[in-house]
1. Tell me, what ³J(HN,Hα) does each residue in region 50-55 have, in order and in whole Hz, if you take phi through Karplus 6.51 cos²θ - 1.76 cosθ + 1.60 with θ = phi - 60° and put x for Gly and Pro?
2. Given a Förster distance of 35 Å, report the FRET efficiency between R49 and K5 from their Cβ-Cβ distance, rounded to the nearest 0.05.
3. Over the Cα atoms of region 7-59, Rg to Rh with Kirkwood Rh, two decimal places?
4. Show me, for region 16-33, the HN-Hα J-couplings you get by feeding each phi into the Karplus relation (A = 6.51, B = -1.76, C = 1.60, θ = phi - 60°), rounded to Hz, glycine and proline as x.
Amino acid sequence: MLPSKTPELVKQEFYGLLMAHFAIRGLMHEAALKANEDPDRLSFLHSVRVVQRRMARFAAIPPSAEESPA
């Protein structure tokens, strides 16, 4: 279920999920080609879990502070 409360936010969230799905499928395809493996033999769920683990590393790094004008 989508947590958004308005139709516009539901639409935005849906498109975000589609983009994430497309990005993960793209990564799966690249990984399969690199490993000389059939992309259809890769698990989407496993790929999502790998991406989640990798993203945790980036979330731990705070964005650099913008310099304020003097």
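1. 5, 4, 4, 5, 5, 5
2. Computed FRET efficiency for R49 and K5: 0.75.
3. 1.08
4. So the J values, rounded to whole Hz, are x, 5, 4, 5, 5, 4, 4, 5, 5, 4, x, 5, 4, 5, 4, 5, 5, 5.
Computed from the coordinates by the stated procedures, all read-outs in this text should not be read as laboratory data. Nothing here was measured: the structure is a model prediction, and the numbers come from that model. For neighbour counting, all protein chains shown are included, and Cβ atoms are generated from backbone atoms with ideal geometry for every residue, glycine included.
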